[in-house]
Amino acid sequence: GVGLKLAHPTACCQGERWPSCLGMGMCCLLRWAALLIAAQGVKGSSFLRQHRSASSSANAYRVEMRNFKGVQYSSPVLLGGQAIRGILDSGSWQVVAISSRCVACKVHMPVYNSAKSATFKMGHAAPETHQFVGGHVLAKHGYESVRLGGSSSPFASENVDFWEILETDVDIWRTGQADFSAIVGLSRASHVPAWQGGPLVPALLERLHVQSFAICLEPGPANPGWLTFNPAVVDLGPGTFRSLSLISANHWAIPLSDVRLGGERFCTRKCVAIIDSGTSALAVPLWAYARMKAVISKIHSDCDDLKALPSLDLQLGDQTFSLPPSAYTVQLLDSAADAGSPRPRICFPAFMQLNISTTMGDLWLLGMPFLRHFYTIFDRAAHKIHVAEQGAGCMPARLNTSSEAAGGFFVPHKSFGNSTTTASAKPTLVDITAAR
């Protein structure tokens with residue numbers, strides 16, 4: 001995992017008692033990653049390409065996110081004209097980047113250097129400590145030009161508030177186990193506090209005139225993900241998308257009224273869910289995780305029993321979404337096997353414990369497992385999230401009325417990528433082989 005922020009001293013969650021303003025899910029990615037890295041470690045490289053879809057609207061822009069061993073999906077970001085890799089995180093709202101002045105930071109990719117930027121401007125706040133589950137960072141506020149999606153992307157803005165990381169004790173940034181050097185928040189808020197006690201400033205998506213974005217992660221072994229800015233939505237009717245109303249002014253939060261797994265109900269108290277691209281697992285409350293153990297402990301190490309396992313049913317708003325066992329399970333790899341050829345080694349439930357309660361209920365984070373199974377549009381203008389079944393190439397699948405009773409879905413003819421339909425998906429491969 002890659003997750004980061006749990007709490008931030010510049011806490012600014014207006015009107016809601018959220019424990020984090022820089023990010024919900026990023027903290028969980030680091031936390032879930034720590035469990036895996038503690039066993040063996042993570043290392044690798046990734047890249048992405050940009051595409052324009054012929055079927056999209058004129059200003060739609062689709063970006064391929066390279067899958068880094070099942071736990072990170074990073075994208076190109078130009079910060080002050082410098083090409084770095086960043087996590088596009090729907091669970092946070094700030095831009096945070098590792099500085100070349102961070103002596104303790106050990107990453108195998110470019111980092112930001114303010115001395116080489118012609119657009120950097122000093123900020124007005126003193127360096128602040130940002131507390132993460134995996135450690136802390138000391139960051140300095142500043143202003144910089146930001147472009148998302150590579151040099152050809154039209155989504156760019158000047159004088160964007162950002163935080164330059166000067167010191168950290170976060171393990172994956174100190175040991176070269178991260179495939180990213182920046183976090184880019186994609187929150188639904190239109191304005192966010194610049195720093196502790198500072199003024200409200202336009203959020204990044206507001207500056208970029210991005211009213212919506214779609215995220216879809218292809219299921220199966222080592223497939224990439226896709227993020228589309230301002231996607232074209234042809235049909236928001238019941239035949240394709242199901243729309244969910246948001247209950248937070250700042251977060252992609254939805255009421256979660258019921259969770260079922262193996263005949264048991266797990267949301268017996270008030271719950272809320274955030275669909276979070278910065279979380280590598282399904283993060284559930286401590287009390288729910290303890291009860292789920294009876295089911296998830298039945299997952300065989302060789303993955304041969306997935307068809308016998310129950311689906312995970314989530315009632316978001318008044319809609320029920322089902323995740324099959326292949327979606328809430330991952331396969332751990334052993335890269336040393338077969339003379340360096342990775343092969344599946346053991347199946348592992350993609351759940352982790354989370355202990356966060358809010359005024360809207362106990363928090364559940366629906367991370368990468370959810371985004372690997374569905375095509376999800378985050379709609380700032382309509383204050384909704386639209387969810388469709390995922391079809392071939394990580395495109396929305398349209399309900400086939402001729403086989404609706406059997407739950408059939410029509411897969412769009414045009415597609416990107418190389419994924420199969422979700423019906424034939426296998427658990428995503430996660431490589432935690434020691435890098436050194």
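What the table below lists for this structure:
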| item | result |
| --- | --- |
| Odd one out for GLN131, checked against (1) open to solvent by less than 60 Å² (accessible area, probe 1.4 Å); (2) over 21 Å from ALA60 (Cα atoms); (3) within 22 Å of the chain's Cα centre (by Cα) | (1) |
| Unique residue being at positive phi and modelled with pLDDT under 95 when the list is GLY239, GLY263 | GLY263 |
| Matching residues, segment 260-290, being assigned to a strand (DSSP E or B), within 18 Å of SER322 (Cβ to Cβ) and touching a strand residue (DSSP E or B) at 6+ places or on another chain (Cβ under 6 Å) | ARG260, LEU261, CYS271, ALA273, ILE275, LEU282, VAL284 |
| Residue among TRP226, TRP173, TRP195 that is at pLDDT below 85, closer than 25 Å to LEU78 by Cβ and among the aromatic types (Phe, Trp, Tyr) | TRP195 |
| Test for GLU206: is it among the charged types (D, E, K, R) and under 17 Å from the mean Cα position of the chain (by Cα) | no |
| Residue count for segment 87-140, restricted to those that are free of Cβ contacts under 8 Å to residues at least 60 places away in the same chain and not hydrophobic (A, V, I, L, M, F, W, C) | 11 |
| Residues of segment 291-307 satisfying the condition of being assigned to a helix (DSSP H, G or I), exposed (fewer than 13 other Cβ atoms within 10 Å of the Cβ) and at pLDDT below 85 | ALA294, LYS307 |
| Selection count, segment 111-124, where residues are surrounded by fewer than 18 Cβ atoms within 10 Å (Cβ to Cβ) and either within 22 Å of ARG85 (Cβ to Cβ) or in contact with a Phe, Trp or Tyr (Cβ under 6 Å, 6 or more places away or on another chain) (or both) | 7 |
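The values are calculated or read from the model by the stated rules, or taken from the named source; none is laboratory data. Being a predicted model, the structure only gives us computed values, none of them experimental. We place every Cβ from the backbone using ideal geometry, glycine too, and count neighbours over all the protein chains shown. Note: areas computed on protein heavy atoms with side chains; ligands, DNA, RNA excluded. Shrake-Rupley method; radii C 1.70, N 1.55, O 1.52, S 1.80 Å.
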